[in-house]
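Worksheet: one structure, shown below.
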Amino acid sequence: MTMRFAILGASLILFGFGCAAAPDQQADAPEDVSPPLDLLVRNEAMRMIAGMTSHRAQLSEALTARLARQFGSEMPRIVRAFGVERLPTFRVNMLRTDDRAVMDTCREQSIVIERVPNVPHAFTVKNKTERELLESSLCQDGYIYLQGLTSMIPPLVLNLVPGETVLDLCAAPGSKTSQLAALMENQGEIVAVE
């Protein structure tokens, strides 16, 4: 029996920003940002945060200071991303249906969707909130699963096949775990622990 290990937790937390360095590249990064730049970047970020109204944009001073130390002059761009409202995303539950059936139902229910490039069975919703989607028959009947894009990537990287055994050590709330089951076509074993 072949065993493979992977960490599926928050390893892709900065996926959407395009600025996370690989572990071997981080050694070349400066240990700390010089105080004048740190102060300048932090002040600019705090001004941006003060102008934002979204609850998602309420970042603590400790977090902005950490972002300034870690990313230096890139930090304001990262902070701006916190203020951008994220469109709902979902993946099709391939154990219950397929992409075509979900796309047809979305069209019938006037749900405007767009396929996410390079992420199988993933869609962005253009005209509904997460709450509206949770109340839809697609979600209620288990045909779609609301899930953030960064959470969909780690199970895909594993390239699982039916019959494998997976130990998921970061299982709550179950998004990646249920995606693993779908990728393995419900054949195999998943030990899910939080």
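The values are calculated or read from the model by the stated rules, or taken from the named source; none is laboratory data. Predicted model only: the values in this text are computed from it and were never measured. We place every Cβ from the backbone using ideal geometry, glycine too, and count neighbours over all the protein chains shown. SASA here: full protein model, heavy atoms, side chains in, ligands and nucleic acids out. Shrake-Rupley method; radii C 1.70, N 1.55, O 1.52, S 1.80 Å.
With all protein chains present, calculate the accessible area of residue 153 using a 1.4 Å probe and round the result to the nearest 10 Å².
30 Å²
With a cut-off of at most 13 other beta carbons within 10 Å, and DSSP calling the residue loop, which GluC sites (Glu not before Pro) in the range 143-189 qualify? Please list them.
Details: sites: 164, 185, 189; in loops: 164, 185.
Filter output for the range 143-189: 185.
Obtain the nm distance between the two label points defined at residue 150 and residue 170 by a simple spin-label model: each point lies 7 Å from its Cα along the Cα-to-C-beta direction.
Taking the two extended label points, one gets 1.0 nm.
Please say if the range 46-194 is rounded, prolate or oblate, where rounded means a/c under 1.5 for a ≥ b ≥ c the square roots of the C-alpha gyration tensor eigenvalues, and otherwise the choice is prolate for a/b larger than b/c and oblate otherwise?
Oblate, since a/c reaches 1.5 and b/c is not below a/b.
What is the spin-label model distance, in nm, from residue 185 to residue 100 if the labels are put 7 Å beyond Cα along the C-beta direction?
So the two model labels end up 1.8 nm from each other.
How would 170, 139 line up by accessible area, probe 1.4 Å, largest first?
I get 170, 139, largest accessible area first.
Please list, in chain and number order, the residues 5+ apart from residue 165 or on another chain whose amide H is under 5 Å from its amide H, with Hs placed from the backbone.
The list, which skips near neighbours in sequence, is 189.
Which whole-Hz couplings ³J(HN,Hα) result when phi for each residue of the range 118-123 is put into the Karplus expression 6.51 cos²θ - 1.76 cosθ + 1.60, θ = phi - 60°, listed in order with x for Gly and Pro?
Couplings: 6, 10, x, 6, 9, 9 Hz.
Provide the per-residue ³J(HN,Hα) series for the range 166-172, in order, calculated from phi with Karplus coefficients 6.51, -1.76, 1.60 and θ = phi - 60°, each as a whole number of Hz, with x at glycine and proline positions.
10, 10, 9, 8, 10, 7, 6
Working out 0.36 nm times the residue gap between residue 124 and residue 107, then minus their Cα-Cα distance, what length gain in nm do you get to one decimal?
Computed gain between residue 124 and residue 107 is 4.7 nm.
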